[in-house]
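J.: Here you go, one structure.
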Amino acid sequence: MKASSSRFTPRRWIFSTFLSAVALWALKNRSSSYILCSQTKNIYTVDEFNPKVECISVKGSRIVDVGDYADIEQQSDSFNFISKFVPSWMIANALTRPKVFEVSPGAVVVPGLADAHAHVIENGYMMQLPLMGFRSVQDVVDRIKAFIVSHPDVENDKSRWIEGMGWDQTKWPGAGFPSAADFDSDPLLKGRLISLSRVDGHARWVSFAVLDLMKDLPEKVDGGLVVRDKEGKPTGIFVDNAMGLIPTPPWGEAQISDFFDLTIKQALSYGLTSIHDAHTKLEHVKFFQKMADAGKLPSRLYLMGNVASEEYWGHQIPRLINYGKHKRLNLRSVKLFADGALGSWGAALLEPYSDKPETSGLMLSSPETLKRLVNQFWKDGWQTNVHCIGDRANHVILDIYEDILEQRGGNVSEWRPRIEHAQIFAPKDLERIGKLGGIIASVQPTHATSDMWYAEIRLAPTSRSKVSTLSWVSTPQPLASPSDGDLAPRFRRVFADQRLSREQALKGMTLDAAYASFAEHDIGSLTPGKNADFVVFDRNIMTVPFEEILNTRVQATVVDGQVVYGAL
Ligand SMILES: *[C@@H]1O[C@H](CO)[C@@H](O)[C@H](O)[C@H]1NC(C)=O
């Protein structure tokens, strides 16, 4: 008894406490530090000075080193630091060494992907009743019926709204808009409040019950259209600004939160670590701020604030730079709309539509209003991101940008003005945007793959000579296939000469998107000092046959060094 108690002398006690503290420190350090390696050097950094490496070394939320394993190991001084003070026999060597993860030989590591144009809350909303890929009105009606039958609370309550998104009439026989009558032809749907968004969000299809709620519809809507039949009666289709007439109930916070969760889970499973929210309403800004405060943003969010007003509203939205517990929320840009979309004949064209010669599309704001707003936002230091699809919209916005850059002393690299979609350009304007330099054409892969089915019908037969369409090799969910199995062959045929290389596509979804959100010093490439945001794919998307890209699976998504999806 005596002997054993004498072991705990103050000196020994201090010494053992010191040892435990060191061990704990080492453990903690080890848990937040690791080296990720690919024996086949399939780590694509998107850093031109070091494009393919064997390993990256992560400490906390940052990348501290990239290169060969041998070099990285030697330089991990924080790990050697401990062995200077404590002989290695005291603490197992393994304890002081960082963990090493090795990806499988076929797998690749790339920087975390960015979706530079998404609608976070609306995407979640769409996921509750998705209508993508249906090939007829009847298929959509059947899907709504199935939804009602599987939701007894909806079935038993005719005052409940049924909302969905994703229909695309161009995929149906005849390719004409549907109408309210299509719902009432089914007894289960008759009399229900139904409002379904088109796949691009630029048109809505509602039931008679909804039309009944809207007394005295205006004949004309600026920047919008109430589609009417021969007798002048509304058919149930509302395009662009006219959608604002539909009295859908606002979402409560619980719903917004559900939509947010759905989108973020999906995004992380696709390898998206950064999302640009392309139209953030004030109430959603507040919601995102709350999530950021609580440390509940698993991915980075770059918001484009929007207030639906033609009066200047820059003072109504907060400016947020690296906001929140994890510094992942930013709001320094605004979203404006020049025109509608191609699928609903809303894109503003310089010439009439080939398949609807009575219209050449819709400007949602007049060129004068756009000019006034863009100038004021630029003066107040906001990045301006303007939705432009048609060649007329792109022409108008280029005039405005050119005036600021050439006449008013605008600094393009400080301002970084964006054109969202930048889809159809007159050849002269394509030249002009090139000459001006620095204007960001924010082109979406999804539009190439969704619009390719009818772009040539809307714009033909002069499309080849008159119009230049930018397209991308990637697909909506950055790599996964959309429902159309024959995508690849068709895509190869359509605008094959305008395709980007895989390297260009990868840079577009990483470093270029980072630049477009003022974040190129922190993310977008696997470079020492940047945040450790990366994705592990199960196959080499840079070299596998084209068709195989679409079968790629995400093995792990990592944000700030932490695995947020899958496993390393
Ligand atoms: C534009 O802004 C950038 C970044 O602040 C600066 O480096 C550059 O010198 C500016 N260019 C001009 C012409 O003022």
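The values are calculated or read from the model by the stated rules, or taken from the named source; none is laboratory data. Note that the coordinates shown come from a computational prediction; the quantities given were computed from them, not determined experimentally. Note that we place each Cβ from the backbone using ideal geometry, even for glycine, and neighbour counts take in every protein chain shown. Remember, those area values only see protein heavy atoms, side chains included, never the ligands or the DNA or RNA. Shrake-Rupley method; radii C 1.70, N 1.55, O 1.52, S 1.80 Å.
J.: Once the other residues with Cβ under 12 Å from the Cβ of residue 515 are scored (Lys, Arg +1; Asp, Glu -1), what is the net sum?
T.: 0
J.: Using a 1.4 angstrom probe, figure out how much accessible area the stretch 352-435 has per residue, in square angstrom, rounded to the nearest whole.
T.: Heavy-atom accessible area per residue stands at 41 Å².
J.: Carbon and sulfur: what percent of the stretch 359-451's accessible surface (1.4 Å probe)?
T.: 48
J.: In addition: Go ahead and run the numbers for FRET between residue 376 and residue 12, Cβ-Cβ distance against an R0 of 41 Å, rounding to 0.05.
T.: 0.05
J.: Can you give the accessible area of residue 15, probe radius 1.4 Å, in Å² rounded to 10?
T.: Roll a 1.4 Å probe over it and residue 15 shows about 100 Å².
J.: Hey, which lysines would be in cross-link range of residue 379, C-alpha to C-alpha under 17 Å, not counting anything within fewer than 8 residues on its own chain?
T.: 335, 371
J.: Right, next: How much net charge surrounds residue 63 when only the other residues with a Cβ under 11 Å from the Cβ of residue 63 are counted, with Lys and Arg +1 and Asp and Glu -1?
T.: After counting each charged neighbour, the total is -2.
J.: Let me ask something additional. Take each of the peptides 522-529, 382-389, average the number of other beta-carbon atoms within 10 Å over its residues, and list them starting from the highest.
T.: Order by mean packing, descending: 382-389, 522-529.
J.: Still on this structure, please answer the following. Over 32 Å between Cα atoms, which of 428/507; 99/265; 145/265; 233/286; 220/435; 145/290 qualify?
T.: 233/286; 220/435; 145/290
J.: Is the stretch 119-245 best put as rounded, prolate or oblate by its Cα gyration tensor, with a ≥ b ≥ c the root eigenvalues, rounded for a/c under 1.5, and otherwise prolate when a/b is larger than b/c, oblate when not?
T.: rounded
J.: With θ set to phi - 60° and the Karplus curve 6.51 cos²θ - 1.76 cosθ + 1.60, what are the ³J(HN,Hα) couplings of the stretch 386-391 in order, to the nearest whole Hz, using x for Gly and Pro?
T.: Residue by residue, the stretch 386-391 yields 10, 5, 9, 10, x, 5 Hz.
J.: Averaged per residue, what accessible area in Å² does the stretch 119-245 show with a 1.4 Å probe, protein chains only?
T.: Spelled out: the 1.4 Å probe surface of the stretch 119-245, per residue, equals 46 Å².
J.: Follow-up question, since we're still on this one. Keeping every protein chain in place, order 315, 202 by accessible area at 1.4 Å, biggest value first, i.e. largest first.
T.: From most accessible down to least: 315, 202.
J.: With all protein chains present, how much of the accessible area of the stretch 271-332 (probe radius 1.4 Å) comes from carbon and sulfur, to the nearest whole percent?
T.: Accessible surface attributable to carbon and sulfur in the stretch 271-332 totals 51 percent.
J.: So, one more: When only the heavy atoms of the protein chains count and the probe is 1.4 Å, how do 49, 147, 377, 208 rank by accessible area, highest first?
T.: 49, 208, 147, 377
J.: I've got another one for you. In whole angstrom, how far apart do the alpha carbon centroids of the stretch 95-114 and the stretch 149-179 sit?
T.: Cα centres, the stretch 95-114 to the stretch 149-179: 44 Å.
J.: So what is the relative contact order of the stretch 159-231, in percent, for Cα pairs below 8 Å that sit 6 or more residues apart?
T.: Relative contact order comes out at 30 percent.
J.: Given a 1.4 Å probe and the protein chains all in place, what does the accessible area of residue 560 round to, in Å² to the nearest 10?
T.: 20
J.: Pairs of alpha-carbon atoms within less than 8 angstrom and 6+ residues apart define the contacts here; what relative contact order does the stretch 271-332 have, in percent?
T.: This gives 39 percent for the stretch 271-332.
J.: Right, here's the next one. Give the ranking of 44, 565 by solvent-accessible surface, highest area first, calculated with a 1.4 Å probe.
T.: In descending accessible area the options line up as 565, 44.
J.: Using a cut-off of 12 Å between beta-carbons, work out the net charge of the residues near residue 527 (Lys and Arg +1, Asp and Glu -1, residue 527 not included).
T.: Taking every other residue near residue 527 into account, the sum is -4.
J.: In the full protein assembly as shown, how much of residue 458 is accessible to a 1.4 Å probe, in Å² to the nearest 10?
T.: Estimated to the nearest 10 Å², residue 458 gives 10 Å².
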